[in-house]
Structure formats: structure tokens, C-alpha cells
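The values are calculated or read from the model by the stated rules, or taken from the named source; none is laboratory data. Not measured: the values here are computed from a predicted model. Please note: Cβ atoms are built from the backbone with ideal geometry, for glycine as well, and neighbour counts cover all protein chains shown. For accessibility, only protein heavy atoms count, side chains too; no ligands or nucleic acids. Shrake-Rupley method; radii C 1.70, N 1.55, O 1.52, S 1.80 Å.
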Amino acid sequence: IGVVEEFLEVVKEITVREYLLGSEDVYRAEFSLATLAQALDTNRQYLSQVVNQGFGCNFTTLVNRVRIRRAMLLLDDEYHYGHYSLEGVAEMVGFGSRRSFSLWFRRFTDLSAAEYRRLSKHLRPRL
């Protein structure tokens, strides 16, 4: 591909990244490739291609990576979210079931969410 086409691909990847990291939409259970395509004013096939080539994974994996990243932040924030159950955290970040949340959490961290929560408590600095 030419320089212009390559530049446009990079711009689209940046746009996708900014949307996923900056929008609360991704944390809704019904968020989908179609939702993102509509928000970015593009079609699903092209967007899927951008995600696959630009991020090295499919759309579902990318979205769940973002969701698990947020879940980790919530689990680390004991002051504000320590009273939430794991199901509550899963729901807050867009997972429809604890099972799905647990599978994806372990896939990205090699720990269960409960193990992560316990571990992070012990690793936090005491102020």
C-alpha cells in the first residue's frame, strides 16, 4: 500500500484506540462492532479489518482487553470499589456474566479476579 493509505490506516487505528479508551460505551454489555462502526461513521467489515491488522486481535478480544483493564483499576481502588462483588465489577465493565468475565480476566492476567483482588491488596503501599 502507498504512503497515503498507510497513513489513513494509522489514523483509523488511533481513532479506534481513542474511542475505546475514552468512551463509556465500551462498558455497556450491548456494545458491538456495529455500535463502534456507527460511532466512527464507517462500516463493520472495514472496522474489523482495521482492528485485526492494527491491534493483532479480533474485535471481541480488543474490547474485552479494554474491559479487563478497567476491571483491574476498579479492583485496585479498594476505597471506592472494595465493597463491590466480582459480579458487580464484571457488570460495571460490560460483562453479561461472571463466567465470561472470569474467563477473560484469567486469559489476560493468568489470575482469577479474586486472586488479583487479594494480591493487589498485599502489594499496595501503605500510606
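At a glance:
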| read-out | value |
| --- | --- |
| One residue from Y84, Y46 being open to solvent by 60 Å² or more (accessible area, probe 1.4 Å) and either of a type in the set (S, T, N, Q) or part of a helix (DSSP H, G or I) (or both) | Y46 |
| Tally of residues being open to solvent by 80 Å² or more (accessible area, probe 1.4 Å) and either touching a Phe, Trp or Tyr at 6+ places or on another chain (Cβ under 9 Å) or without any contact (Cβ under 8 Å) to a residue 12 or more places away in the chain (or both) across the stretch 96-106 | 3 |
| Residue, farthest from the chain's Cα centre (by Cα), within the stretch 23-48, restricted to residues that are among the β-branched types (V, I, T) and within 21 Å of A71 (Cβ to Cβ) | T35 |
| Yes/no for V51 being within 11 Å of the chain's Cα centre (by Cα), at pLDDT 90 or above, part of a helix (DSSP H, G or I) and surrounded by 13 or more Cβ atoms within 10 Å (Cβ to Cβ) | no |
| Test result for V93, without any contact (Cβ under 8 Å) to a residue 60 or more places away in the chain and not polar (S, T, N, Q) | no |
| Hits in the stretch 19-39 (condition: open to solvent by less than 30 Å² (accessible area, probe 1.4 Å) and either part of a helix (DSSP H, G or I) or not polar (S, T, N, Q) (or both)) | L20, V26, Y27, F31, L36, A37 |
